[in-house]
Amino acid sequence: MIRKYLKKLSNFNIIEIPSIIIYTVLQIILNKLPKNIIKSHLLFSELIERNYKIKKYKKSNVIYTSINDTLYKLLLKRNSSDPDVFRQIILQEEYKFIIHIFRHYNISINIIVDAGANVGYTTLYFKAHFPNVLIISIEPHYEIFSRLNENIRINNCLNITTIQKGLWSSSTYLKSDFSFRDGQDWSHRLVPSDDNLCKNDLIKTITVNELMQQYQLDIIDFFKIDIEGAEAEVFSEKADIKWLDKVKVIAIEIHDEFNCRERIENILISNHFKLLHHGELTIGINTKLVSWHDKI
């Protein structure tokens with residue numbers, strides 16, 4: 001390795017070599033720094049340039065941001081995936097197209113289910129646009145769930161119900177797994193437990209039909225599903241998908257690692273959903289419940 005590096009240096013003159021060595025050392029140091037901390041720094045720098053107000057709060061920060069002309073305080077944990085999620089949901093407005101669909105088609109919206117709510121940025125984004133809706137936010141991991149509740153609490157939001165369970169094809173107990181993708185909070189998923197773990201160490205699941213029954217939901221106006229691969233289970237052959245008849249608009253982030261895209265899209269099409277694709281979202285509009293026309 002040293003021999004190769006010296007060979008590279010031999011292509012520069014004696015005045016240029018110190019700069020190359022300094023650059024190399026800095027690259028080594030940068031690669032060893034916590035990536036999430038660097039992402040937080042870059043995000044904060046961008047927000048400060050845009051006149052956002054940021055306050056330090058323990059190992060987190062509170063970012064004051066306006067969503068649909070409503071001021072929100074969003075808790076952001078620095079050494080986590082929160083900076084990525086904030087950028088995706090708040091700055092890039094990943095779900096702005098969904099807002100457009102509801103307004104374009106004049107779809108009444110009273111109930112939203114946010115499955116895979118993470119720390120609540122998407123929940124609050126929709127609450128800002130539809131203040132009177134009831135939102136049911138589902139997040140399985142205890143620590144992430146706690147931050148979801150804290151974000152709701154500090155914004156004094158009403159009509160938001162949080163559930164610490166995982167969406168699945170059956171009611172069971174699963175274990176947490178952080179080996180998916182980058183292993184950060186937003187990649188947390190549930191997997192079956194092969195060992196004899198105590199139920200206290202596992203996470204309870206809920207089916208969509210159970211959810212609708214327990215909360216007496218006749219219709220889900222908007223159903224967001226971003227559950228890190230568990231969508232393959234929710235739409236598996238053994239799953240009861242009768243609930244699709246009661247969903248107006250659905251948006252799923254399908255993770256292609258689980259080879260379930262074709263199956264999910266075929267199920268939606270066979271259940272009278274018109275499909276659209278926007279960014280990472282597969283969006284279905286139920287033409288039995290929504291008057292569909294092609295222009296959008």
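The values are calculated or read from the model by the stated rules, or taken from the named source; none is laboratory data. Note that the structure is a prediction, hence the values are computed from the model and not measured. Quick reminder, even Gly has a Cβ in these numbers, built from the backbone with ideal geometry, and neighbours come from all protein chains shown. Surface accessibility is based on the protein's heavy atoms, side chains included, excluding ligands, DNA and RNA. Shrake-Rupley method; radii C 1.70, N 1.55, O 1.52, S 1.80 Å.
Cross-link partners of LYS246 among aspartates and glutamates, defined as those whose alpha carbon lies under 13 angstrom from its own and excluding same-chain residues fewer than eight positions apart: ASP218, ASP221.
Per atom type, the chain shows carbon and sulfur on 52% of its accessible surface, probed at 1.4 Å. Out of ILE38, TYR95, ILE21, whose Cα points farthest toward the positive end of the dipole of the chain (charges: +1 Lys, Arg; -1 Asp, Glu; placed on Cβ)? Value computed over the given set: ILE21. Beta-bridge orientation, region 190-283: approximately 55 percent antiparallel, per DSSP, counting only bridges with both partners inside.
Projecting the Cα positions of VAL113, TYR142, ASN155 onto the charge dipole of the chain (unit charges on Cβ atoms of Lys, Arg, Asp and Glu, taken about the Cα centre) puts ASN155 furthest along the positive direction.
So how much slack lies between VAL25 and ASP218, counting 0.36 nm per residue of separation and subtracting their Cα-Cα distance, in nm? List each step's numbers first, then the result.
Numbers: separation 193, 0.36 × 193 = 69.48 nm, distance 6.12 nm.
That works out to 63.4 nm of additional length.
Relative to one another, the C-alpha centroids of region 207-257 and region 108-175 are positioned 14 Å apart.
Which of these, ILE160, ILE21, ILE135, has the largest mean-square fluctuation under a Gaussian network model of the chain (Cα springs below 10 Å)? Judging by the Gaussian network model, the answer is ILE21. Taking Cα centre as origin and charging only the Cβ of basic (Lys, Arg, +1) and acidic (Asp, Glu, -1) residues, the dipole magnitude of the chain rounds to 1140 debye.
Over all directions, how big on average is the projection of the convex hull of the alpha-carbon atoms in the chain, in square nanometres? Mind showing how you got there, number by number?
On the way: hull surface 84.0 nm².
Result: 21.0 nm².
Between ASP69 and TYR142, what FRET efficiency follows from the Cβ-Cβ distance if R0 is 30 Å, with the result rounded to 0.05?
Working: r = 34 Å, r/R0 = 1.13.
My answer for the efficiency is 0.30.
Among the listed pairs LYS73/LYS127; LYS204/LYS238; LYS53/LYS127; LYS32/LYS96; LYS73/LYS224, those whose Cα-Cα separation exceeds 25 Å are LYS32/LYS96.
In the context of the full set of protein chains, residues of region 49-175 present 44 Å² of accessible surface per residue (probe radius 1.4 Å, heavy atoms only).
With springs only between Cα atoms under 10 Å, which of THR282, THR24, THR123 fluctuates most in a Gaussian network model of the chain? Between THR282, THR24, THR123, it is THR24 that shows the largest mean-square fluctuation.
Provide the percentage of antiparallel DSSP beta bridges, counting only those with both residues in the chain; round to the nearest 5. Walk me through the numbers before you get to the answer.
Values: 29 of 49 bridges.
Approximately 60 percent, going by the DSSP bridge assignments.
Specify the inter-centroid distance of region 86-105 and region 1-25, based on alpha-carbon positions, in whole Å. Cα centres, region 86-105 to region 1-25: 48 Å.
Accessible area per residue, 1.4 Å probe, Å², for region 224-275: what's the number?
Working: 2260 Å² over 52 residues.
For region 224-275, the per-residue accessible area is 43 Å².
Amide H contacts of VAL247 (H built 1.01 Å from N, in plane; Pro and chain starts excluded): ILE220 sit under 5 Å, all sequence-distant by 5 or more or on other chains. Cβ-Cβ distance of ASN11 and HIS100, R₀ of 41 Å, FRET efficiency by 1/(1 + (r/R0)^6): the value works out to about 0.15.
Remark: region 17-121 carries a charge dipole of roughly 500 debye about the Cα centre, counting +1 on each Lys and Arg Cβ and -1 on each Asp and Glu Cβ.
Straight-line cross-link reach from LYS55 at under 18 Å between alpha-carbon atoms covers these aspartates and glutamates, not counting any fewer than eight positions away in the same chain: GLU46, ASP82, GLU150.
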